[in-house]
Amino acid sequence: MAIRIERLSSHVGVLILLLVQLLAPAGVSAQQAIVPLQFSFSDPGARSMGFGGAFVALADDATAAFANPAGLVQLLKPEVSIEGRSWSYSSPYTVGGRLEGLPSGNGIDTTVGLRTAESDADVTGLSFLSLAYPKGNWSLAFFRHELSNLEFFSETQGLFGGSDCCPIREFDQRATSDLEIVSYGFSTAYRISDKLDLGLGLVYYDADIEANVTQFLWDEDSPESFFGPNSYLQERMLISVRSFADDSDWSLTGGVLWRLSPNWSIGVVYRQGPDIQNGIEGIAGEAGDFGVPPGEVIGLASAAEVEFPDIYGLGFAYRAPNGRLTVTFQWDHVKYSSIVASLELDDQMVDNADELHLGAEYVFLGSTPIIALRLGTWWEPDHQLRATIDDPLLRALLPPGEDEMHYAAGLGVAMRSFQIDLGVDFADRLDTVSLSAIYSF
């Protein structure tokens with residue numbers, strides 16, 4: 001039996017490619033070995049969450065500064081809005097298994113197909129803060145919104161291929177990431193007529209991304225170790241590649257709110273995505289041969305400007321004449337393909353996403369304080385970055401994802417000048433809990 005080891009240079013190329021993909025958004029499907037990123041493109045506020053994110057045609061509180069700035073002129077008094085969220089991520093990744101062929105039965109090479117595990121992370125933070133001030137036909141607002149907050153860790157070892165006579169083992173790896181993207185914005189709205197409001201926002205994005213993928217040889221150069229588990233010894237490290245971004249950018253947001261009648265309204269919003277500079281560098285390991293001492297930085301790729309998705313939203317809302325029942329629907333088009341286009345990647349693709357949101361609220365107007373119950377759901381179509389070439393390793397690391405349904409619920413308590421809302425959103429890969437408050441004065 002001959003053991004075949006791929007040349008290091010070919011794997012460095014794959015590793016660089018994978019690190020470029022660290023900017024791929026949304027949930028990560030099974031068999032994924034790269035570091036996932038999660039973004040919160042949904043509208044802020046626990047009330048919006050209870051509607052399943054369908055809020056652009058309502059936009060009737062201070063969260064409109066982000067959701068649809070045109071709605072700010074609906075406010076009668078100045079408002080302060082604050083929201084805290086807790087995210088529970090479950091991000092699948094590839095642990096090991098077979099890229100192709102049947103397992104040899106030796107050591108950890110016993111699985112037909114790929115084995116997966118999940119990286120779980122619980123993150124809590126201040127997700128939204130805004131101050132809105134209406135004045136006549138005008139309204140102004142300032143806000144802070146947390147677009148992403150994620151930590152991730154994975155270990156992938158024992159990816160085998162080849163035949164019985166010539167087995168192949170890809171290099172094992174550890175991956176970590178720490179991601180935070182926060183936006184700060186100024187929004188203004190103007191009432192054109194009793195039926196039509198327009199809004200405009202200027203948003204500043206601050207991105208801080210730190211991600212590392214480190215490759216290792218198995219513990220020693222022997223057939224037994226070749227099929228055995230990896231201890232990730234420092235002296236067996238080949239290379240560590242770091243992807244990082246500490247950059248900022250400005251973008252624009254525009255919104256329209258059209259009241260067709262006292263009971264029906266239409267909302268439209270456009271959010272321009274920022275362009276963020278992403279850098280990549282490598283660090284030579286003791287087991288690698290790069291012509292430099294171990295620990296020195298190797299320049300692997302120059303900084304690339306990544307274009308984050310633009311978002312287009314269209315929503316409809318119906319309010320019953322007695323004010324008790326509200327039903328909303330929203331369609332969001334997220335242009336994820338701009339990420340691939342900006343990086344000029346021709347061996348992989350990602351689909352744009354058309355999200356569908358639906359929600360309803362019933363208000364007990366006779367209660368003191370006023371109580372509101374909400375239910376919502378929304379469909380998140382697959383927008384996973386995936387390989388388009390016939391390469392077993394790349395296809396294992398970049399598989400297609402799956403569509404996902406979200407189910408949401410909420411509770412609101414409103415008093416004369418104070419409102420508190422609780423919202424939950426459950427899905428297979430991400431559970432979110434939101435608590436927000438609005439104070440008017």
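Identify, please: which residue in the stretch 210-246 is in a strand (DSSP E or B) and among the aromatic types (Phe, Trp, Tyr) and is, among those, surrounded by the fewest Cβ atoms within 10 Å (Cβ to Cβ)?
Once the filter is applied, the top-ranked residue is Phe244.
Considering only residues of the stretch 347-372 that are touching a Ser or Thr at 6+ places or on another chain (Cβ under 8 Å) and more than 30 Å from Gln419 (Cβ to Cβ), which is surrounded by the most Cβ atoms within 10 Å (Cβ to Cβ)?
Going through the qualifying residues, I end up with Val350.
Just to check your reading of the model, which residue among Arg115, Arg144, Arg174 is assigned to a strand (DSSP E or B), out of contact with any helix residue (DSSP H, G or I) (no Cβ under 8 Å at 6 or more places or on another chain), basic (Lys, Arg) and more than 29 Å from Met237 (Cβ to Cβ)?
None of the other options fit; the residue is Arg144.
Which of the residues that make up the stretch 76-96 are touching a Pro at 6+ places or on another chain (Cβ under 8 Å) and surrounded by fewer than 22 Cβ atoms within 10 Å (Cβ to Cβ)?
Within the stretch 76-96, Leu76, Lys77, Pro78 qualify.
Taking the condition surrounded by fewer than 18 Cβ atoms within 10 Å (Cβ to Cβ), closer than 26 Å to Gln173 by Cα, out of contact with any strand residue (DSSP E or B) (no Cβ under 7 Å at 6 or more places or on another chain) and free of Cβ contacts under 8 Å to residues at least 40 places away in the same chain, does Gly113 pass?
Spelling it out, it is not the case that Gly113 is surrounded by fewer than 18 Cβ atoms within 10 Å (Cβ to Cβ), closer than 26 Å to Gln173 by Cα, out of contact with any strand residue (DSSP E or B) (no Cβ under 7 Å at 6 or more places or on another chain) and free of Cβ contacts under 8 Å to residues at least 40 places away in the same chain.
Looking at Trp218, Trp258, which one is modelled with pLDDT of 85 or more, among the aromatic types (Phe, Trp, Tyr) and closer than 20 Å to Pro69 by Cα?
Exactly one of Trp218, Trp258 is modelled with pLDDT of 85 or more, among the aromatic types (Phe, Trp, Tyr) and closer than 20 Å to Pro69 by Cα, namely Trp258.
Mind checking whether some residue in the stretch 157-165 is hydrophobic (A, V, I, L, M, F, W, C) and not in a strand (DSSP E or B)? Walk me through it before giving the result.
Taking the stretch 157-165 and keeping what is hydrophobic (A, V, I, L, M, F, W, C), we get 159-160, 165.
If we keep only those that are not in a strand (DSSP E or B) too, we end up with 165.
Scanning the stretch 157-165 turns up at least one residue that is hydrophobic (A, V, I, L, M, F, W, C) and not in a strand (DSSP E or B).
Count, please, the residues in the stretch 233-283 that happen to be of a type in the set (Ser, Thr, Tyr) and under 25 Å from Leu147 (Cα atoms).
5
Which of the residues that make up the stretch 160-193 are of a type in the set (A, V, I, L, M), at pLDDT 90 or above and surrounded by 20 or more Cβ atoms within 10 Å (Cβ to Cβ)?
Ala189
This table checks each residue for (1) closer than 21 Å to Arg374 by Cβ; (2) modelled with pLDDT of 90 or more; (3) assigned to a strand (DSSP E or B).
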{"position": "Val269", "(1), (2), (3)": "yes, yes, yes"}
{"position": "Gln277", "(1), (2), (3)": "no, no, yes"}
{"position": "Gly282", "(1), (2), (3)": "no, no, yes"}
{"position": "Gly288", "(1), (2), (3)": "no, no, no"}
{"position": "Val292", "(1), (2), (3)": "no, no, no"}
{"position": "Ser302", "(1), (2), (3)": "no, no, yes"}
{"position": "Gly323", "(1), (2), (3)": "yes, yes, no"}
{"position": "Phe329", "(1), (2), (3)": "yes, yes, yes"}
{"position": "Val340", "(1), (2), (3)": "no, no, no"}
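Check whether at least one residue in the stretch 139-150 is buried (at least 20 other Cβ atoms within 10 Å of the Cβ), of a type in the set (A, V, I, L, M, F, W, C), farther than 30 Å from Gly288 by Cβ and touching a Lys or Arg at 6+ places or on another chain (Cβ under 9 Å), and report yes or no.
Looking for residues that are buried (at least 20 other Cβ atoms within 10 Å of the Cβ), of a type in the set (A, V, I, L, M, F, W, C), farther than 30 Å from Gly288 by Cβ and touching a Lys or Arg at 6+ places or on another chain (Cβ under 9 Å), one finds none in the stretch 139-150, hence no.
Does the stretch 94-117 contain at least one residue that is under 27 Å from the mean Cα position of the chain (by Cα), acidic (Asp, Glu) and under 24 Å from Asn230 (Cα atoms)?
no
Just to be sure, is Val256 under 24 Å from the mean Cα position of the chain (by Cα), assigned to a strand (DSSP E or B), among the hydrophobic types (A, V, I, L, M, F, W, C) and closer than 18 Å to Arg191 by Cβ?
Numbers: under 24 Å from the mean Cα position of the chain (by Cα): no; assigned to a strand (DSSP E or B): yes; among the hydrophobic types (A, V, I, L, M, F, W, C): yes; closer than 18 Å to Arg191 by Cβ: yes.
Here the answer is no, as Val256 does not meet what is asked.
Among residues belonging to the stretch 247-265 that are crowded, with 17+ Cβ neighbours inside 10 Å and in contact with a Pro (Cβ under 7 Å, 6 or more places away or on another chain), point out the one that is farthest from Asn137 (Cα to Cα).
Filtering the stretch 247-265 for residues that are crowded, with 17+ Cβ neighbours inside 10 Å and in contact with a Pro (Cβ under 7 Å, 6 or more places away or on another chain), the one farthest from Asn137 (Cα to Cα) comes out as Asp249.
Could you list all residues from the stretch 118-138 that are small (Gly, Ala, Ser), assigned to a strand (DSSP E or B) and surrounded by fewer than 21 Cβ atoms within 10 Å (Cβ to Cβ)?
Matches in the stretch 118-138: Ala121, Gly125.
The values are calculated or read from the model by the stated rules, or taken from the named source; none is laboratory data. Just so it is clear, the model here is predicted, and its values are computed rather than measured. Here the Cβ is made from the backbone with ideal geometry for all residues, glycine too, and neighbour counts use every protein chain on show.
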